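Remarks on the structure that follows.
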Amino acid sequence: MKKIRKAIIPAAGFDTNFLPATKAMPKEMLPIIDKPTIQYVVEEAIESGIEDIIIVTSGGNHAIEDHFDFIQKHDILEIYSNVEINFVRQNEPKGLGNAVWTARKFIGDEPFAVLLGDVIIKSGEPCLKQLINIYEKMMTSIIGVKSISENETNKFGIIDPLQKIDLLYKVRSFVEKPSLGAQPSNLAIMGRYILTPEIFTFLNEQQTEGGEYIELTDAINKLNEIQRVYSYEFNGKSYEVSTKQSYINTIIEFALQRDELRENIISFMEMKIEEMQVSQK
């Protein structure tokens, strides 16, 4: 059995939602209080037993490289002592599938993990470790999913479940951002994947076809036709740092979870609510 040792963290997308802040800094470096978003993701990978991480970045932006270079060389953080963090550039903004394909030489013929750099998942046991545990039983690709409200299903990859066994789903198909009302379920792909190297066959096909945007979900759907791909409804809560609203919500919730901040945050919020109510009278 090949162990899951390697992980790809795509962090190359150009996000207009946070301009001008992301003009010179990727959104994955936006801080959640005092830690960049992507650092939470990297630490989840390490805590799940990953030994080698490759972060896919975009050209002309060194913020992520500089951050982790400083941690590995200067910060005394024991968690980083047994992991290698490397970087590769995505030459064109051609989507998540292209970002994963860009790291193919780093992966070789091993099964591997993918963690989206703008999705934080808080859980007792790390989300990725939960997926690895399932992979070690099933020996095939595992996609992390979570139930979401039906009015948000057009924003995510959605699974069409065929059979459920506890929290594990056999999947009929994977659909990228279906139209509202046409979604096959409300189980959304939440930025955590265990993939077998055969996925690169289908990503290579999309590269050859020369499409402008290469969807990882489409490649997973094709992989599922030749090799069963399962979905697992992991335990934990996901926080997407993809819109201003989700980013603000994440900061507030993380602040309320910290003992040294909670009381002052609650007092401040109560005061602002009271001020708004007075001003509306």
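Considering the range 47-65, and only residues there that are in contact with a helix residue (DSSP H, G or I) (Cβ under 9 Å, 6 or more places away or on another chain) and among the charged types (D, E, K, R), the residue that is farthest from GLU84 (Cα to Cα) turns out to be GLU47.
Taking the stated definitions as given, is ILE71 surrounded by 14 or more Cβ atoms within 10 Å (Cβ to Cβ), touching a Leu at 6+ places or on another chain (Cβ under 9 Å) and over 24 Å from GLY97 (Cβ atoms)? So ILE71 fits the description; yes.
A quick yes/no check of all residues on (1) exposed (fewer than 14 other Cβ atoms within 10 Å of the Cβ); (2) β-branched (Val, Ile, Thr); (3) on the phi < 0 side of the Ramachandran plot; (4) not in a helix (DSSP H, G or I):
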| site | (1), (2), (3), (4) |
| --- | --- |
| ILE214 | no, yes, yes, yes |
| ILE220 | no, yes, yes, no |
| LEU223 | no, no, yes, no |
| SER242 | no, no, yes, yes |
| GLN245 | yes, no, yes, no |
| THR250 | no, yes, yes, no |
| ALA255 | no, no, yes, no |
| GLU260 | yes, no, yes, no |
| ASN264 | yes, no, yes, no |
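Whether a residue is in contact with a strand residue (DSSP E or B) (Cβ under 6 Å, 6 or more places away or on another chain), hydroxyl-bearing (Ser, Thr, Tyr) and either free of Cβ contacts under 8 Å to residues at least 12 places away in the same chain or within 29 Å of GLU198 (Cβ to Cβ) (or both) was assessed, and THR22 does not pass this test.
A single entry from GLU51, GLU78 fulfils the requirement of being charged (D, E, K, R) and under 23 Å from ILE107 (Cβ atoms): GLU51.
Step by step: first the residues of the range 1-51, then only those that are hydroxyl-bearing (Ser, Thr, Tyr) and not in a loop (DSSP other than H, G, I, E, B), then the one that is nearest to LYS129 (Cα to Cα). Which residue is that? The qualifying residue nearest to LYS129 (Cα to Cα) is TYR40.
Going residue by residue through the range 131-142, is there one that turns out to be assigned to a strand (DSSP E or B) and either of a type in the set (Lys, Arg) or at negative phi (or both)? Checked the range 131-142: at least one residue is assigned to a strand (DSSP E or B) and either of a type in the set (Lys, Arg) or at negative phi (or both). When the test is whether a residue is modelled with pLDDT under 95, crowded, with 21+ Cβ neighbours inside 10 Å and on the phi > 0 side of the Ramachandran plot, GLY95 passes it. Checked across the range 254-276, the condition of being among the polar types (S, T, N, Q) and under 18 Å from the mean Cα position of the chain (by Cα) holds for no residue. Of the residues in the range 141-148, none is surrounded by fewer than 22 Cβ atoms within 10 Å (Cβ to Cβ), over 22 Å from LYS3 (Cα atoms), touching a Phe, Trp or Tyr at 6+ places or on another chain (Cβ under 9 Å) and free of Cβ contacts under 8 Å to residues at least 12 places away in the same chain. Among residues of the range 232-258 that are under 17 Å from MET29 (Cα atoms) and of a type in the set (D, E, K, R), those with a Cβ under 6 angstrom from a residue that is at pLDDT below 95 and assigned to a helix (DSSP H, G or I), sequence gap 6+ or separate chain, pair up as GLU240/SER246. The condition of being of a type in the set (A, V, I, L, M, F, W, C), buried (at least 19 other Cβ atoms within 10 Å of the Cβ) and more than 20 Å from GLY97 (Cβ to Cβ) holds for only one of LEU180, LEU187, that being LEU187.
The values are calculated or read from the model by the stated rules, or taken from the named source; none is laboratory data. Since we're looking at a predicted model, the values are computed, not measured. As a convention, Cβ positions derive from the backbone with ideal geometry for all residues, glycine included, and neighbour counts pool all protein chains shown.
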